[in-house]
Each structure stands twice: as structure tokens, then as C-alpha cells.
Amino acid sequence: MINILSKEIYNKIAAGEVVDRPYSVVKELVENAIDAGATEISVSIKGGGIDYIRVDDNGGGIEFDDMPTAFLPHATSKIKTVDDLDTIMTLGFRGEALPSIAAVADVTMTSRVAECEMGGEIVYKGGKLVSHCECGAKLGTTVTVANLFERIPARKKFLSKPSREEAKILALIEHIVLANPDVVLKFESENKKFSSSGEGLKSAVFAVYGDAVLKNTVNVELDEPHIKIQGFTCLPSFTKPSKNYQNVIINGRYVESADIMYAVYSVYAPY
Ligand SMILES: Nc1ncnc2c1ncn2[C@@H]1O[C@H](COP(=O)(O)OP(=O)(O)OP(=O)(O)O)[C@@H](O)[C@H]1O
Ligand SMILES: [Mg+2]
């Protein structure tokens, strides 16, 4: 059930600009898929995501009557009360992503939940609801986003060329793979095809960095009552001249933590 957050809550959430480039659309849609419990997610893009983005998942889906609600501002199924903010287990919680995307692009969503034989399709163009009807659909949700910022030239102007936008999305996909090693993630564009096997962290590191890196890493693990650490670290003999190889994931969320990165760096400094 998707509900509209009260003013009291959404004023506490202070959401910033949700969509500023194709990268953010992909991020929001994939996070929704993960929150929906998907074990398989496919992302395909065209023109660096400016022309077209499609995210398909096998998660729990959205009920037919909930579909238009999902596109209203501050509408979320993930929190209800202010107290829920302290115990968020999902990536999303603001109820902002779908309305923000529909405001700046053409969006079609199809979805079906396990309890229903028929699914639904909802279409938004220029921020307006165009159609909402029943249709046959596989279990889960598919969202396509086309013509990003087409009607807002001032914002389109700030996008980079498609190859750069695609590179940003690819880096994001790698982070998502590392943060969700049990999810099968497939990516496709005109230039690239990529897929992770969803068989745990080792397979995720393999998918992102390949065998040469994996062979030169050791597994690290710590299991204490309130903290569990799992990961891979490079042998001191195997170095890369870039911080891009440091990835920090906290509670399933990819983060940039200067403190943690510096701590790891310090341990390696003597070597
Ligand atoms: N792929 C999906 N599968 C199932 N339900 C979805 C999916 N995408 C969106 N929803 C439903 O639509 C609601 C609105 O999605 P939206 O992304 O706008 O907000 P949110 O995820 O709750 O919060 P945030 O704005 O922080 O992402 C979600 O709370 C969820 O109930
Ligand atoms: Mg969301």
C-alpha cells in the first residue's frame, strides 16, 4: 500500500534535486527494483540514457490501483511515521523519485503483482497522466523513460555527450553490482553488454574487476555483535594508481566515506 507522507515527515526529509542526468534516473529505478525484492534486474539504455532507459525487475510489483499514487509527490510504501526514519531498511523512502522522473521525461510503467492475473500499464507524458489500463504483464515491474529533458532545453544543455553519460551509468552499475552481490544485474547499451551472476561478493568482484584483480586479493571478514565486515582487499604487491578501486558499502548502500577510505589507505601506507 502506497501512502502520502504528511507534511511533518517530508519536511524532515529535505529531498534535493532527484533527477539531474540519466545516471540519476537509472539509480532511482534500480533502487526501486532492489527495494521491491528483485533478484534479477535488467537495465538497457540508448544514447547515454538521454534518449531511452529501461529498467526491468522481477520484484513484487505494484498493485493496479497503486500505480497512479506511486507517481504523486511524497507517495511511498516504505515509511509511514517519523519514527520509521530511524529504522529504514530500504534504499528509497522520500516518495520523490517517480514523480520527479515523470516531470522531466516520458515514462511508461508496466507491473504485475503475484495476486493478480492481469497487470497494469501507466503512461506519463510531459508530466501528465496519459493512460492507465489493465494489460497482460509478467510478474514484477518494467519502467521505460524516454526523451529526458526534451521539454526543458535549459536542463538538457547541462548534460554531457552520450558517451560520458553512459560512462557515469556504467560506474553506477558496477557500484550496484558490488553492493548487491546476490542480485543478477544485466546491462545493455549500443556499445556495451555486461552481466553479473548474482552468486555472492566474490562473483561480483569478478564481474566488475575481472580475474586478474580477484587473484590478487584476499578475503577479509569480521563478525562482532554490532558490526559485520566483509570484503576483499588487494595484496600489498598489487597496486592501482586510483582511488576508484576503493569501494565502501554500508548496509547495502554504496557510500563515499573519506574516513573509511583514509583508514584503509593508512594501513597500506607502510607498504
Ligand atoms: N520497481 C518497483 N517495484 C515495486 N514497487 C515500486 C517500484 N518502483 C516504485 N514502486 C512503488 O512506488 C513507490 C514510489 O516510488 P518512488 O521511487 O517515487 O519513491 P520511494 O522509493 O518510496 O522513495 P524515493 O523517492 O526515496 O526513491 C514506492 O514506495 C513503491 O511502493
Ligand atoms: Mg525510489
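For the stretch 93-143, just say rounded, prolate or oblate: build the C-alpha gyration tensor, square-root its eigenvalues into a ≥ b ≥ c, call rounded for a/c under 1.5, and beyond that prolate if a/b exceeds b/c, oblate if not.
Cα axes put the stretch 93-143 in the oblate bin.
Which FRET efficiency value, to the nearest 0.05, do you get for Asn11 and Glu40 by plugging their Cβ-Cβ distance into 1/(1 + (r/R0)^6) with R0 = 51 Å? Before the final figure, lay out the partial values.
On the way: r = 37 Å, r/R0 = 0.72.
That gives a FRET efficiency of 0.85.
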For Val82 and Lys138 in the same chain, what is the full-extension length gain: residue separation times 0.36 nm, less their Cα-Cα distance, in nm?
16.7 nm
Rounded to whole Å and sorted largest first, what semi-axes of the equivalent ellipsoid does the C-alpha gyration tensor of the stretch 31-128 yield via the square root of 5 times each eigenvalue?
22, 17, 15
Residues in the stretch 238-271 that a label on Thr217 would reach, taking backbone N under 17 Å of a point 7 Å out along Cα→Cβ
238-257, 261, 264-265, 268
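State the three equivalent ellipsoid semi-axes of the stretch 156-244, derived from the C-alpha gyration tensor as the square roots of 5 times its eigenvalues, in descending order and whole Å.
28, 16, 14
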Order the peptides 117-123, 260-266, 95-101 from the highest to the lowest mean number of other Cβ atoms within 10 Å of their residues.
95-101, 117-123, 260-266
Once phi is turned into ³J(HN,Hα) by the Karplus curve 6.51 cos²θ - 1.76 cosθ + 1.60 with θ = phi - 60°, what whole-Hz value does each residue of the stretch 93-102 show in order, with x for glycine and proline?
6, 7, x, 10, 4, 4, x, 5, 5, 5
Can you order the peptides 176-184, 86-94 by their average number of other Cβ atoms within 10 Å per residue, highest first?
176-184, 86-94
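Based on the mean of other beta carbon atoms within 10 Å per residue, what is the order of 68-75, 217-224, most packed first? Walk me through the numbers on the way to the answer.
Details: 68-75: 17.8, 217-224: 9.8.
Top of the packing list down: 68-75, 217-224.
Which length gain, in nm to one decimal place, applies between Ala167 and Glu115 when the Cα-Cα distance is subtracted from 0.36 nm times their residue separation? Walk me through the numbers before you get to the answer.
Details: separation 52, 0.36 × 52 = 18.72 nm, distance 3.90 nm.
Length gained between Ala167 and Glu115: 14.8 nm.
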Using all alpha carbons of the stretch 1-72, what is the percent of pairwise distances in each 5 Å bin, ordered from the shortest bin to the longest?
3, 14, 17, 21, 22, 15, 6, 1, 0
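Would you mind checking the pairs Lys193/Lys243; Lys46/Lys128; Lys80/Lys192; Lys168/Lys240; Lys186/Lys215; Lys125/Lys243 and listing those with alpha carbons more than 31 angstrom apart? Can you show the working numbers first?
Values: Lys193/Lys243 25 Å; Lys46/Lys128 24 Å; Lys80/Lys192 40 Å; Lys168/Lys240 20 Å; Lys186/Lys215 24 Å; Lys125/Lys243 41 Å.
Exceeds cut-off: Lys80/Lys192; Lys125/Lys243.
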Amide H to amide H, which residues 5 or more places from Asp51 or on other chains are under 5 Å from it, using H placed in the peptide plane?
Lys46
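Name the shape class, rounded, prolate or oblate, that the alpha-carbon gyration tensor gives for the stretch 63-175, where a ≥ b ≥ c are the square roots of its eigenvalues, rounded holds for a/c under 1.5, and otherwise prolate holds if a/b is larger than b/c and oblate otherwise. Present the calculation step by step, with values, prior to reporting the outcome.
Working: a/c = 1.65, a/b = 1.24, b/c = 1.33.
It comes out oblate by the Cα gyration axes.
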Can you give me the P(r) profile for the stretch 3-195? Cα pairs, bins 5 angstrom wide beginning at 0, each as a whole percent.
1, 8, 16, 20, 20, 18, 11, 4, 1, 0
Leu129 paired with Met89, simple spin-label distance in nm, labels 7 Å along Cα-to-beta-carbon:
3.1
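Values in this text are rule-based calculations from the coordinates and carry no lab data. As the structure is a computational prediction, the values presented were derived from the model and not from experiment. Reconstructed Cβ throughout: ideal geometry from the backbone, glycine too, with neighbour counts over all protein chains shown.
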